[in-house]
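First comes the structure, then the notes that go with it.
The values are calculated or read from the model by the stated rules, or taken from the named source; none is laboratory data. Keep in mind that this is a model prediction, so the values were computed, not measured. In this analysis, Cβ positions are derived from the backbone assuming ideal geometry, glycine residues included, and neighbour counts consider all displayed protein chains. Quick note on the areas: whole protein, heavy atoms, side chains included, nothing else; ligands and nucleic acids left out. Shrake-Rupley method; radii C 1.70, N 1.55, O 1.52, S 1.80 Å.
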Amino acid sequence: MKIVIVSDAWKPQINGVVTTLVKTGDTLRSLGHEVNFITPNLFRTIPMPTYPEIRLAIGSGRKVWNLLVQYNPDAVHIATEGPLGYAARRYCRRYNLKFTTSYHTQFPEYIRLRAPIPLRISYAVLRWFHGAATRTLVATQSQRNTLITHGFKNLADWSRGVDTELFYPRSKNYLNDTRPISMYMGRVAIEKNIEAFLSLDLPGSKYVVGDGPDINQLKKKHPDVTFTGVKLGDELASYLAAADIFVFPSRTDTFGLVMLEAMACGIPVAAYPVTGPVDIIKQGETGIMHEDLAIAVREALKLDGETARQFALSRSWQASTQQFFSHLAFN
């Protein structure tokens, strides 16, 4: 089958959306499908306001349409609600083509953190955008329930996988610092609620692995925290495996792929009991969820990392991709 995936989120961004799409594309190709991506690297771009690391395609409409004609796909999946996603949606609607979408990011909540736009307005726009799709794929049951309360229809499950050959238990000696080491890995931005982690009074050391628009501000405010910047591949996995506890302070993620990556390294997770963690963490086994994040950290440090590892081994990209493929709408 010929499949086109349209995404406004793409390399060099490092996040769960990009990782998920890359892994899904690679797995689909290994199964014999032809996969083409329409992403910002094919267009002239401008930095997104308040978040310059993200590049937005401009003047993309005609080229998106031409690419879709060129690729002549059997199925179109629109992964994001940005300029490329809107252009692909218009094309599919104009030529009466079926398409699927996915809901990766809680944009209404993210926007609300940066601008005084009521959630009902943002959700109304997203409901309109996804409402034309045959199916809208969501990563967790709790996220699905939230979207249902906001009037979304035709929702379907698309879970996530983890690369257990890259992320696995390794030597703790990789980091020579005061134990226990509490670590956050991911985008350093306001919507990730990192301040909730950094402000905790915890024993040992704190690490932040990643980059983002708030990193300089947080470095100045928390000089006792080690900010490593971006790490990739084997080096990233080595940092993660050397931690004692992974702290996931976000209240707005739709999944939180990094939690699975931490578990694959044998690292228990501490988080709030919100969408994402409640769907991934086995309370008292692979991590601890608590409204007091400090309590979650202290209790999670008591857990056996091998249990977390075994849970991660059950979450493959093969199964995730097969689920994705089963929901595609073929024309």
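Quick notes on this one:
- Binning the C-alpha pair distances of region 278-324 at 5 Å intervals from 0 yields a P(r) profile of 5, 21, 23, 20, 13, 9, 7, 2 %, listed from the shortest bin outward.
- Loop-exposed GluC sites (Glu not before Pro) per DSSP, neighbour cap 13 Cβ within 10 angstrom, longest uninterrupted part of the chain: 1-164
- Diffusion coefficient, µm² s⁻¹, Stokes-Einstein with Kirkwood Rh over alpha-carbon pairs of region 139-193 at 20 °C and 1.002 mPa s: 137
- By the helix-only formula, in which each DSSP H run with n ≥ 4 contributes -39500 (n - 2.57) and the sum is divided by residues, the chain has a 222 nm mean residue ellipticity of -11000 deg cm²/dmol.
- Where only C-alpha atoms are counted, convex hull volume of region 155-305 per residue in Å³: 108
- Cα convex hull volume per residue for the chain (Å³): 127
- Amide H to amide H, with H built 1.01 Å from N, A270 comes under 5 Å of F246, V247, F248, I288, counting only residues 5 or more places away or on other chains.
- Region 175-223: proportion of alpha-carbon pairs further apart than 19 angstrom, %: 22
- Ellipsoid semi-axes for region 233-331, based on the Cα gyration tensor and the rule √(5λ), read 25, 16, 12 Å when sorted largest first.
- The magnitude of the dipole of the chain, with charges of +1 and -1 set on the Cβ of Lys/Arg and Asp/Glu and taken from the Cα centre, is near 1380 debye.
- Accessible area in square angstrom per residue, region 226-312, 1.4 angstrom probe: 32
- Sulfur and carbon atoms: percent of accessible area, the chain [1.4 Å]: 51
- Each Lys and Arg adds +1 at its Cβ and each Asp and Glu adds -1 at its Cβ; summed about the Cα centre, region 20-97 shows a dipole of about 320 debye.
- Inter-centroid distance (Cα atoms) of region 164-192 relative to region 38-91, Å: 34
- Summarising the amide proton neighbourhood of I38: residues at separation of 5 or more, or on other chains, whose placed amide H is nearer than 5 Å comprise I5, V6, S7.
- Bins of 10 Å, starting at 0 and running to the largest distance - Cα pair percent for region 1-73: 19, 45, 31, 5, 0
- Here the Karplus curve 6.51 cos²θ - 1.76 cosθ + 1.60, taken at θ = phi - 60°, turns the phi angles of region 27-40 into couplings of 5, 4, 5, 5, 8, x, 8, 8, 10, 10, 9, 10, 9, x Hz, with x standing for Gly and Pro.
- Excluding ligands, DNA and RNA, the accessible surface per residue across region 1-141 is 47 Å² with a 1.4 Å probe.
- Hydrodynamic radius by Kirkwood, which averages 1/r over all alpha carbon pairs of region 78-209, in angstrom: 18.0
- Size estimate for region 19-141 follows the Kirkwood approach: the inverse of mean 1/r over distinct Cα pairs works out to 15.8 Å.
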